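Colleague: Starting off with a structure, shown below.
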Amino acid sequence: MLDSAIQQVLKPVLTRVARVLVRVGVGADALSFIGFALGMAAALAIVFQHFMAGLVLLLLSRLMDGLDGAVARATTPTDRGGFLDITLDFLFYAAIPLAFAVADPVHNALPAAVLLTSFMGTASSFLAFAIVAAKRELASTDFPDKSFYFLGGLTEATETIAAFVAMCLWPQWFAPIACGFAALCALTTALRIGWGWQRFK
């Protein structure tokens, strides 16, 4: 819901940093891998209940995720880069709830499972819409710079990161945060199914 607005705010800063990175020879794919490594380090920190370290690593990971697209736009975007970016992003999004489940399985395992199931709904509806949109040669007006059609919703990347931040700040409240966000993800999935049903008649 907030991704488009947030990207408009951050785009000028990311673009300036991207130009510097391009000049020193840092590529978009390298940033994608660095961001993923930082995300996995964040998950590992959370497993060992170092929640503040996990938060810092998580935010650095998402900074790299923003920069890889900016660097790609400053050079030559590739289908390989778009594929890599979305694949590693989804793995990162799954790793954080799993890390909280491992950190405290008694209290967190079931809420994490509920959240991960809701992520399956948002991910599958997102990718299924993108596949059919590509077949019909539809373009996203909200995210024209993306490699494929980005379908919005109540729970996009910004909201997901906000939920992860809240989990790291208040790990004792992981269960209600996870279940509440899972409910929003379920609503997003339902809305996307409705949009797809209407759009692809």
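The values are calculated or read from the model by the stated rules, or taken from the named source; none is laboratory data. As the structure is a prediction and not an experimental result, all values here were calculated from the model. Neighbour counts are summed over all protein chains in view; Cβ atoms, including those assigned to glycine, are modelled from backbone coordinates with ideal geometry. Heads up: the accessible areas ignore ligands, DNA and RNA and are worked out on the full protein's heavy atoms, side chains in. Shrake-Rupley method; radii C 1.70, N 1.55, O 1.52, S 1.80 Å.
Colleague: Would you say Val56 is part of a helix (DSSP H, G or I), free of Cβ contacts under 8 Å to residues at least 40 places away in the same chain and open to solvent by 20 Å² or more (accessible area, probe 1.4 Å)? Before the answer, list the steps.
Modeller: Details: part of a helix (DSSP H, G or I): yes; free of Cβ contacts under 8 Å to residues at least 40 places away in the same chain: yes; open to solvent by 20 Å² or more (accessible area, probe 1.4 Å): yes.
The answer is yes for Val56.
Colleague: While we're looking at this one, here's another question. Does Cys185 satisfy the condition of being assigned to a helix (DSSP H, G or I), at pLDDT 95 or above and open to solvent by less than 20 Å² (accessible area, probe 1.4 Å)? Give the derivation first.
Modeller: Working: assigned to a helix (DSSP H, G or I): yes; at pLDDT 95 or above: yes; open to solvent by less than 20 Å² (accessible area, probe 1.4 Å): yes.
The answer is yes for Cys185.
Colleague: Assuming Asp79 fulfils every condition listed in (1) at pLDDT 90 or above; (2) within 20 Å of Leu31 (Cβ to Cβ); (3) surrounded by fewer than 17 Cβ atoms within 10 Å (Cβ to Cβ) apart from one, which condition is it?
Modeller: Only one criterion in (1) at pLDDT 90 or above; (2) within 20 Å of Leu31 (Cβ to Cβ); (3) surrounded by fewer than 17 Cβ atoms within 10 Å (Cβ to Cβ) is unmet by Asp79, namely (1).
Colleague: Just for the range 41-53: of the residues that are under 27 Å from Phe83 (Cβ atoms) and among the small types (Gly, Ala, Ser), which one is surrounded by the most Cβ atoms within 10 Å (Cβ to Cβ)?
Modeller: Ala42
Colleague: To continue, here is another question. From (1) open to solvent by 80 Å² or more (accessible area, probe 1.4 Å); (2) modelled with pLDDT of 95 or more; (3) of a type outside the set (A, V, I, L, M); (4) on the phi < 0 side of the Ramachandran plot, pick out the condition that doesn't hold for Asn108.
Modeller: All conditions are met except number (1).
Colleague: Give the number of residues within the range 188-201 that are part of a helix (DSSP H, G or I) and exposed (fewer than 15 other Cβ atoms within 10 Å of the Cβ).
Modeller: Looking only at the range 188-201, we keep the residues that are part of a helix (DSSP H, G or I), and these are 188-199.
Subsequent filtering for residues that are exposed (fewer than 15 other Cβ atoms within 10 Å of the Cβ) retains 190, 194, 197-199.
Going through the range 188-201 one residue at a time, the tally reaches 5.
Colleague: Still on this model: So which pairs qualify, if the first residue must be in the range 104-130 and β-branched (Val, Ile, Thr), the second must be open to solvent by 50 Å² or more (accessible area, probe 1.4 Å), the Cβ gap must be under 8 Å, and the two must be at least 6 apart or on different chains?
Modeller: Correct list of pairs: Val114/Cys179.
Colleague: Would you call Ala70 aliphatic (A, V, I, L, M), within 20 Å of Leu116 (Cβ to Cβ) and in a helix (DSSP H, G or I)?
Modeller: Working: aliphatic (A, V, I, L, M): yes; within 20 Å of Leu116 (Cβ to Cβ): no; in a helix (DSSP H, G or I): yes.
Against the criterion (aliphatic (A, V, I, L, M), within 20 Å of Leu116 (Cβ to Cβ) and in a helix (DSSP H, G or I)), Ala70 does not qualify.
Colleague: In this structure, is Ala94 in contact (Cβ under 8 Å) with a residue 12 or more places away in the chain and open to solvent by less than 30 Å² (accessible area, probe 1.4 Å)?
Modeller: On the way: in contact (Cβ under 8 Å) with a residue 12 or more places away in the chain: yes; open to solvent by less than 30 Å² (accessible area, probe 1.4 Å): no.
Judged against the criteria, Ala94 is not a match.
Colleague: Here is a further query. With surrounded by 20 or more Cβ atoms within 10 Å (Cβ to Cβ), assigned to a helix (DSSP H, G or I) and not β-branched (Val, Ile, Thr) as the only criterion, which of Leu38, Leu10 stands out?
Modeller: Values: Leu10 fails: surrounded by 20 or more Cβ atoms within 10 Å (Cβ to Cβ).
The unique qualifying residue is Leu38.
Colleague: Please indicate, with yes or no, whether at least one residue in the range 132-147 is at pLDDT 85 or above, part of a helix (DSSP H, G or I), open to solvent by 30 Å² or more (accessible area, probe 1.4 Å) and under 21 Å from Gly39 (Cβ atoms).
Modeller: Taking every residue of the range 132-147 in turn, none turns out to be at pLDDT 85 or above, part of a helix (DSSP H, G or I), open to solvent by 30 Å² or more (accessible area, probe 1.4 Å) and under 21 Å from Gly39 (Cβ atoms).
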